[in-house]
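Each remark here refers to the structure printed beneath this line.
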Amino acid sequence: MEFLATEHFVYRYRLLLKKRKQYGCIDQNFRDQFADAGNETLWNMGYQLFLKGMFRSAKVRIKSCSGHGDSSGFRVISLVNKETNRYYFLDIYPKTGKYAQASFDKQELKEFLIERKEEEEAGTLFSVEFDFEEELVHMVQKKLVSK
Amino acid sequence: MNATGTTFKEAASDVIVNANSGNYNAPAVLTKEEKMNHLLDEISSTNREWRAWHKMMLDLFKEFDQISNYSIEDEEDEKIARDFIDTIQNLYKRLAASFSKYSKMKFVQQTSGKCLEDMRLIIKDFREYQEDFKSSFFPTKEDKELEEELAGLL
């Protein structure tokens with residue numbers, strides 16, 4: 001699966017990274033959730049928000065930094081295209097701390113899907129790469145071929 | 001039916017039966033007097049019970065995620081879906097009652113703060129799942145319109 005992220009997602013992710021004390025584990029927990037998962041696992045992962053043909057959007061729970069399990073962790077809003085094997089990260093928010101968000105309004109998904117479509121067509125999506133040696137998640141904007 | 005061959009009825013009923021049997025109930029929090037009379041290993045065992053319950057809740061949420069893949073096909077599914085949503089509501093109401101009771105106990109606040117915080121977060125998750133399931137299984141006119149809009153944005 002090829003992992004891609006919208007500009008909005010990258011902005012939110014980097015915002016959380018800056019709050020090291022509260023959200024410092026995000027790179028590790030994000031990588032643990034997605035890096036080694038097979039295509040079928042990725043397709044079925046999380047609470048299904050929307051399904052249409054080869055596309056599935058979901059809300060995925062990521063573990064917290066405080067040891068309280070997934071409940072106080074992060075939520076990732078994703079979109080998978082089974083046909084092209086592309087996994088899109090659309091939004092991320094924590095359940096606790098400074099940037100806490102209680103729930104996700106499905107109306108927001110509309111905005112995120114528009115962003116994803118526009119950025120894919122413009123070739124400005126970010127490529128997400130998991131670096132196990134440096135224990136980092138790299139998000140690099142590079143010209144990607146629209147599928 | 002999903003990829004593993006489990007029907008919606010089987011997946012949802014499993015949760016309903018377990019909930020009705022009290023299998024998801026939170027363990028008791030020891031009162032001051034009880035705690036004073038307990039030996040250290042017994043207190044540790046209570047902590048283990050809490051950890052086990054917390055893990056069970058997280059596993060239950062994974063099951064919820066899988067159940068979200070089903071759609072309502074007929075009247076029987078509709079009935080099961082209603083029971084399922086009611087079950088989630090009963091679960092979090094029961095938990096909320098326990099939380100309210102425990103959080104008023106000063107001694108519990110001082111010694112079992114993490115248990116209470118876990119409980120509070122789990123209750124919030126149950127509410128969120130209940131809302132999500134309601135909108136997935138019984139979409140309103142607005143939900144259906146939104147689905148159509150989303151389909152046009154892929």
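No value in this document is a laboratory result; all are computed from the given coordinates. Small disclaimer: the values here were computed from a predicted structure and weren't measured. Methodologically, a virtual Cβ is constructed for each residue, glycine included, from the backbone with ideal geometry; neighbour enumeration extends over all protein chains shown.
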Open item on the list: How far apart, in nanometres, would the label points at A:SER127 and A:LYS52 be if each is projected 7 angstrom from Cα along the Cα-to-Cβ direction?
Closed with: 2.9
- [ ] For every helix of n ≥ 4 consecutive DSSP H residues, a contribution of -39,500 (n - 2.57) applies; sum these over chain A, divide by its total residues, and give [θ] at 222 nm rounded to the nearest 500 deg cm²/dmol.
- [x] -9500 deg cm²/dmol
Open item on the list: Restricting the calculation to Cα positions, tell me the Rg (one decimal) and the Dmax (whole number) of the protein assembly as shown in Å.
Closed with: 20.8, 69
TODO: Might you report the magnitude of the Cβ-based charge dipole of the protein assembly as shown about its Cα centre, with Lys and Arg at +1 and Asp and Glu at -1, to the nearest 20 debye?
DONE: 1460
- [ ] Name the aspartates and glutamates eligible as straight-distance cross-link partners of B:LYS144: C-alpha to C-alpha under 20 Å, and not fewer than 8 places from it in the same chain.
- [x] A:ASP105, A:GLU108, A:GLU111, B:GLU73, B:ASP74, B:GLU75, B:ASP77, B:GLU78, B:GLU128, B:GLU131, B:ASP132
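In what sequence do A:THR84, A:THR96, B:THR140 fall when counting other Cβ within 10 Å, fewest first?
Working: A:THR84 13, A:THR96 19, B:THR140 10.
Placing the least packed residue first, the sequence is B:THR140, A:THR84, A:THR96.
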- [ ] Report the charge-dipole magnitude of chain A in Debye, nearest 20, computed about the Cα centre from +1 at each Lys and Arg Cβ and -1 at each Asp and Glu Cβ.
- [x] 560
Task: Estimated inter-spin distance, A:GLU118 and A:LYS19, nm [label 7 Å along Cα→Cβ] - done: 2.6
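How large is the dipole of the stretch A:74-127 about the Cα centre if only Lys and Arg carry +1 and Asp and Glu carry -1, each at its Cβ, rounded to the nearest 20 debye?
In total the dipole reaches around 360 debye.
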Task: Sites B:ALA96 and B:THR140 - FRET efficiency at Förster radius 30 Å, r taken between beta-carbons, to 0.05 - done: 0.70
- [ ] Would you mind ranking A:LYS95, A:LYS18 so that the residue whose beta carbon has the fewest other beta carbons within 10 Å leads the list?
- [x] A:LYS18, A:LYS95
Task: Those Cys residues of the protein assembly as shown for which no other cysteine Cβ falls under 4.7 Å - done: B:CYS115
Open item on the list: To make sure I understand, if each residue's beta carbon is the centre and we count other beta carbons within 10 Å, what order do A:HIS8, B:HIS54, A:HIS138 fall in, fewest to most?
Closed with: A:HIS138, A:HIS8, B:HIS54
Open item on the list: Set the bar at 19 Å for Cα to Cα. Now go through B:LYS9/B:LYS141; A:LYS106/B:LYS79; A:LYS63/A:LYS98; B:LYS93/B:LYS134 and name every pair that lies beyond it.
Closed with: B:LYS9/B:LYS141; A:LYS106/B:LYS79
- [ ] Taking the dipole about the Cα centre of chain A, with the C-beta of Lys and Arg at +1 and of Asp and Glu at -1, give me whichever of A:GLY97, A:LEU125, A:PHE50 is farthest to the positive side.
- [x] A:GLY97
Open item on the list: Inside 10 Å of the C-beta atoms of B:118-127, what's the mean count of C-beta atoms belonging to other chains?
Closed with: 4
